[in-house]
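The values are calculated or read from the model by the stated rules, or taken from the named source; none is laboratory data. Just so it is clear, the model here is predicted, and its values are computed rather than measured. We place every Cβ from the backbone using ideal geometry, glycine too, and count neighbours over all the protein chains shown. These area figures cover heavy atoms from the full protein model, side chains too; ligands, DNA and RNA do not enter into them. Shrake-Rupley method; radii C 1.70, N 1.55, O 1.52, S 1.80 Å.
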Amino acid sequence: GESVGLHLPTLSVQEGDNSIINCAYSNSASDYFIWYKQESGKGPQFIIDIRSNMDKRQGQRVTVLLNKTVKHLSLQIAATQPGDSAVYFCAENGPKTSYDKVIFGPGTSLSVIP
Amino acid sequence: DARVTQTPRHKVTEMGQEVTMRCQPILGHNTVFWYRQTMMQGLELLAYFRNRAPLDDSGMPKDRFSAEMPDATLATLKIQPSEPRDSAVYFCASGLGPPNTQYFGPGTRLTVL
């Protein structure tokens, strides 16, 4: 069908609250997943990754949860700060036969209200 | 702090002109990717290289786009002739893989009039 442009899901949160950004991935055989953050005018920046043999991984203020049963990935940001305002992309690495093919989701725009 | 660098950061050109974008991957990374980002299509993979060899360029319009890695420190993406629909931000990313955590450059914003 004809594309009419991406309509990014938008999440607005109050500064200090926790944020949860969700992502549905497409390939049940994907075994490596990455979250990226893209600030205005910049390239995507790696935040955290997780392999399919895990269901949770924690970083500094961020946690990624993986639910393979429903092909769902989430990014939790604790104590959200104004600097967290950005577009967040989940990405999946294809099955081992095409490990280089990273498929990016459409992104979610996070807006932090001071 | 190792980073991917891209030049130019901005390019405005007229339809039909040749455009060359350059990327310096992070030293030691063996994989280089070229992406295009637009509001309509999001992030699209155009091509990628491993150890300077092209592995996949199926995302690239073959008749006008070409990507090369003359050496390990330089990747180029060329458009000839350019068209207004090529207007986008072009990102280079490098990684050490597979699998690839990709480190992106700042992008080249191309406007074709």
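Brief remarks follow.
- Residue in segment A:95-105 that is open to solvent by 50 Å² or more (accessible area, probe 1.4 Å) and modelled with pLDDT of 95 or more present: no
- Residue match in segment A:10-29 (condition: within 14 Å of chain B (Cβ to nearest Cβ), of a type outside the set (Val, Ile, Thr) and crowded, with 16+ Cβ neighbours inside 10 Å): yes
- Scanning segment B:81-113 for residues that are more than 8 Å from chain A (Cβ to nearest Cβ), in a strand (DSSP E or B) and among the aliphatic types (A, V, I, L, M) yields B:Ala88, B:Val89, B:Leu110, B:Val112.
- When B:Lys62, B:Lys78 are checked against the criterion of being assigned to a strand (DSSP E or B), open to solvent by 50 Å² or more (accessible area, probe 1.4 Å) and more than 22 Å from B:Gly28 (Cα to Cα), B:Lys78 stands alone in meeting it.
- Odd one out for B:Met39 among (1) open to solvent by 50 Å² or more (accessible area, probe 1.4 Å); (2) out of contact with any helix residue (DSSP H, G or I) (no Cβ under 9 Å at 6 or more places or on another chain); (3) away from chain A (no Cβ under 12 Å): (3)
- When the strands (runs of 3 or more DSSP E) confined to segment A:39-79 are screened for residues that are open to solvent by 30 Å² or more (accessible area, probe 1.4 Å), farther than 13 Å from A:Asn22 by Cα and within 14 Å of chain B (Cβ to nearest Cβ), those reaching at least 3 such residues are found at A:45-51.
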